[in-house]
Amino acid sequence: METTEPPRRKKLQKTLKPSWVFAIALGSSVGWGAFILPGDWIKESGPLGAILGLLIGALIMMVIASSYGVMIKKFPVSGGGFTYAFIAAGKVWAFICGWFLSLGYMSIVALNASAFTLLLKFLAPGFMKQGYLYSIAGWDVYLPEVLIASLLILLFAFINSTGTSVSGRIQFYFSVLLIGGVVLLGMFTYGFSEQPLENMKPLFSGKQSILTSILVIVAIAPWAYVGFDNVPQAAEEFKFSPRKATILIVASLFTSFLIYAVMIGLTAWSFPSTAGIGESNLWLTGDVIYSSLGMAGLVIMAVAIMMGIFTGLNGFFMSSSRLLFSMARARALPNGFRSMSKKHQTPVWGIWFVALVTLPMPWFGRQALTWIVDMSSTGVSVAYLFTCIAAYRVLAWKSEQAGREIAPVKKALALVGIIASASFLALLLIPNSPAALSTPSYLLLLAWAVTGSVFYLAMRKKYNSLSQEETEYYLLGKSIESEVQNGGNEEPIPVDSLSMNKS
């Protein structure tokens, strides 16, 4: 029987080294928050409460990361949560997941750009507070911050358009400077302090129980560590075995936790809590560094913060453009998004579309931007959930389940990941929970959902024009008789048997 060969599937070039992928995960996970927010976390939960909360959060993320490792090994293609939602639940849920995840990634690009202007406001307030424009939600918008944020977005769009090898190498160098800066700050402040451990007391917040202090910080873990899920977006470009993905993600999460822990520690151990440091300024960590190490310490931290911001910009530019590329390859987006530059083989339309969408965001002020980011964090949690569901479905408890890898431990971790992801989603959506969305974020979530529904109806005919087999081919690079690795053996898994819904 003759079969018709489908049109050639566009693929991304394999250029990424393991160290670059580690840097993508680490640099995307650690941003401005690691340097700006320790003071807030200490006030909320105490230094030890904050560190324990972030440690537990990192361990939970590692459990979820094990499911990402499973899926990357079996399906080393771009798309991440969008692709895995298709495997877990079919086309409709894949579109929903991809729609919310794309906004999440793009808004973090804009948030990192505005974070750079925040740093400049602290270092050069006189310059940054010129050219007052207007106020939105209590935030004064000035011309320099809009222009600088816009230039930064355009710069990283250009860097990403020059090829993955360039952006990957830059990400690695930026991450080295980030880690080096944090190590220096931790060592110098610890050596400066006469009684570092004594200064950290009280270890927990007196406003609430120890358990509550820890759980409040655990609730923000998806936000604190978001970015490790950029790795599956780059999986198609790995220049090494996809089997290494899990260890790279876990190592990046552990390193991210250490960075958070050091920044919380130095904010607490440098001076006694009664010293009055930071009372006149909202940025406690900045005041602590300046008071203990002077301008030299502030320069080191400024460099570390810039590296955290730049790695976030670079990493999320990469992941959002690859997500758009994957969605277009499945016909969920217009064909232009799967176009690649002939010279650098990058999804250039997706890269510049991300720039186009994010350029207006700095004009709305940082408060409005945080509403968007808070709302879009639901998309990340949905992606976590579907990834764990997909991993659970492709793994087997025992040998009777033919065509699936026998991995009871990984399957159990996927089940725990499903529960954790659903819990994070509930914390965001249930009113009065520790991480509940604000009213503006709820309204933005509703507006984005309505917009997505309209867009889906417009794209539905084209999206569903591909058969199940064709969609699997374009998304996964495999036919319905997919060859996947199962403990070193190549056995076919019909991908449609893993999908709960073929709609």
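The values are calculated or read from the model by the stated rules, or taken from the named source; none is laboratory data. Keep in mind that what you see is a predicted model, and the values were worked out from it rather than measured. Reconstructed Cβ throughout: ideal geometry from the backbone, glycine too, with neighbour counts over all protein chains shown. The area values use the complete protein model at the heavy-atom level, side chains included, leaving out ligands, DNA and RNA. Shrake-Rupley method; radii C 1.70, N 1.55, O 1.52, S 1.80 Å.
With the contact rule set at Cα under 8 Å and sequence spacing of 6 or more, what percent relative contact order holds for segment 25-169? Provide the component values of the computation, followed by the final result.
Details: 71 pairs, mean separation 18.1, N = 145.
Reported relative contact order: 13 percent.
In deg cm²/dmol and to the nearest 500, what is the mean residue ellipticity at 222 nm of the chain if only DSSP H runs of at least 4 residues count, each as -39500 (n - 2.57), divided by the residue total?
Working: 19 runs with 332 residues, N = 503.
Computed ellipticity for the chain at 222 nm equals -22000 deg cm²/dmol.
By what distance, in whole Å, do the Cα atoms of segment 294-444 stretch along each of the three principal axes, largest value first?
Sorted largest first, the three principal extents are 62, 49, 40 Å.
Which of (i) 1.05; (ii) 0.97; (iii) 0.92 is the computed Cα Rg over 2.2 N^0.38 Å for the structure on display?
So the structure-derived entry is (ii).
Would you kindly calculate the translational diffusion coefficient of segment 80-151, applying Stokes-Einstein with the Kirkwood radius from alpha carbon pairs, for 25 °C and a viscosity of 0.890 mPa s, and quote it in µm² s⁻¹ without decimals? Each step should come with its number before you reach the end.
Working: Rh = 14.5 Å.
It comes out at roughly 169 µm²/s.
On full extension of the chain, what length is gained from Ile419 through Trp139, given 0.36 nm per residue of separation minus the C-alpha to C-alpha distance? Mind showing how you got there, number by number?
Values: separation 280, 0.36 × 280 = 100.80 nm, distance 3.76 nm.
Once the chain is fully extended between Ile419 and Trp139, it gains 97.0 nm.
Between exposed trypsin sites (Lys or Arg not before Pro) in the chain, where DSSP calls loop and at most 10 other Cβ atoms lie within 10 Å, what's the longest gap?
Details: sites that count: Arg8, Lys342, Lys343, Lys398.
Between exposed loop sites, the widest span is 9-341.
If you take every DSSP beta bridge fully contained in the chain, what fraction is antiparallel? Give it as a percent rounded to 5. Mind showing how you got there, number by number?
Numbers: 10 of 13 bridges.
Counting DSSP beta bridges with both partners in the chain, the antiparallel share is about 75 percent.
Any chance you could give the angle, 0 to 90 degrees and rounded to 10, that helix 365-394 forms with the longest Cα principal axis of the chain?
Helix 365-394 sits roughly 40 degrees off the main axis of the chain.
Please report, largest first and rounded to whole Å, the three semi-axes of the ellipsoid equivalent to segment 1-113, where each semi-axis is the square root of five times an eigenvalue of the C-alpha gyration tensor.
On the way: eigenvalues 258, 53, 49 Å².
They are 36, 16, 16 Å, listed from largest to smallest.
Once Rh is set to the Kirkwood radius over Cα pairs, what Stokes-Einstein translational diffusion coefficient, in µm²/s, holds for segment 147-287 at a temperature of 37 °C and a viscosity of 0.692 mPa s?
Working: Rh = 18.5 Å.
Rounded to a whole number, D works out at 178 µm²/s.
Would you mind checking Lys17/Lys343; Lys17/Lys121; Lys17/Lys398 for any pair whose Cα atoms are more than 28 angstrom apart?
Working: Lys17/Lys343 20 Å; Lys17/Lys121 36 Å; Lys17/Lys398 35 Å.
Check vs 28 Å cut-off fails for Lys17/Lys121; Lys17/Lys398.
Suppose R0 equals 41 Å. What FRET efficiency, 1/(1 + (r/R0)^6) with r the Cβ-Cβ distance, do Leu457 and Val183 give to the nearest 0.05?
Computed FRET efficiency for Leu457 and Val183: 0.20.
Over the residues of segment 358-416, compute the C-alpha Rg and express it relative to 2.2 N^0.38 Å.
Compactness ratio reported: 1.83.
Of Ile60, Ala221, Ala383, which is farthest on the positive side of the dipole of the chain, counting Cα position, with +1 on Lys and Arg Cβ, -1 on Asp and Glu Cβ, and the Cα centre as origin?
Ala383
Tell me which lysines have Cα within less than 24 Å of Lys91's Cα, excluding those fewer than 8 residues away on the same chain?
Partners within reach: Lys10, Lys11, Lys73, Lys74, Lys411, Lys461, Lys462, Lys478, Lys502.
When all protein chains stay in place, what accessible area (Å², nearest 10, 1.4 Å probe) is found for Val166?
50
Ranked from highest to lowest mean number of other Cβ atoms within 10 Å per residue, what is the order of the peptides 302-312, 139-149, 443-453, 380-390? Could you put the intermediate results ahead of the total?
On the way: 302-312: 24.3, 139-149: 17.9, 443-453: 14.6, 380-390: 26.9.
Put in order of decreasing packing, that is 380-390, 302-312, 139-149, 443-453.
Relative contact order for the chain using alpha-carbon pairs under 8 Å, separation at least 6, rounded to a whole percent? Intermediate results must be reported in sequence, preceding the final value.
Numbers: 887 pairs, mean separation 152.4, N = 503.
Dividing the mean separation by the residue count of the chain yields 30 percent.
When the accessible area of the chain is computed with all protein chains present and a 1.4 Å probe, what percentage of it is carbon and sulfur? Display every interim value, and only then the final one.
Numbers: 13520 of 20020 Å².
Carbon and sulfur atoms account for 68 percent of the accessible area of the chain.
With the Cα gyration tensor of segment 127-187 in hand, convert its eigenvalues to equivalent ellipsoid semi-axes via √(5λ) and list them largest first in whole Å. Mind showing how you got there, number by number?
Numbers: eigenvalues 185, 83, 14 Å².
Working through the eigenvalues yields semi-axes of 30, 20, 8 Å.
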